[in-house]
1. Spelling out what I want: for every residue of segment 21-36, take phi, set θ = phi - 60°, compute 6.51 cos²θ - 1.76 cosθ + 1.60 (Karplus), and round to whole Hz; glycine and proline get x.
2. In which sequence would 67, 23 go, from the one with the fewest C-beta neighbours within 10 Å to the one with the most?
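Bear in mind that the values in this text are calculations on the coordinates, not laboratory data. Computed from a prediction, not measured in an experiment: that's the story for all the values here. Neighbour counts are summed over all protein chains in view; Cβ atoms, including those assigned to glycine, are modelled from backbone coordinates with ideal geometry.
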Amino acid sequence: MESYPQYISRFLPVCEPLPEVSIWLFAVLFAWSILWKGAALWRAARNNQSYWFVALILVNTVGILEILYIYVFAKKRPETTGGSNK
């Protein structure tokens, strides 16, 4: 028994449940992306790089752009030697 007329049902995709591996892979990629995105956004905000901040929020590259930003494009902060943290 079809719930849609024949001319509509041929345009609807056949949806099958995702295998368990796909769900775990998605969860790992999501966690990976969130961790790198958080680190890159933190660095961009601390360096007052608003264009990078906006780009990192809008573009989702599963961590690739974030890793490139942190290790290639981000300004290096001067190291403080000794003294107090002010």
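1. Karplus values, whole Hz, x for Gly and Pro: 4, 5, 5, 5, 4, 4, 5, 5, 5, 5, 5, 4, 5, 5, 4, 5.
2. Details: 67 14, 23 11.
So the residues, fewest neighbours to most, are 23, 67.
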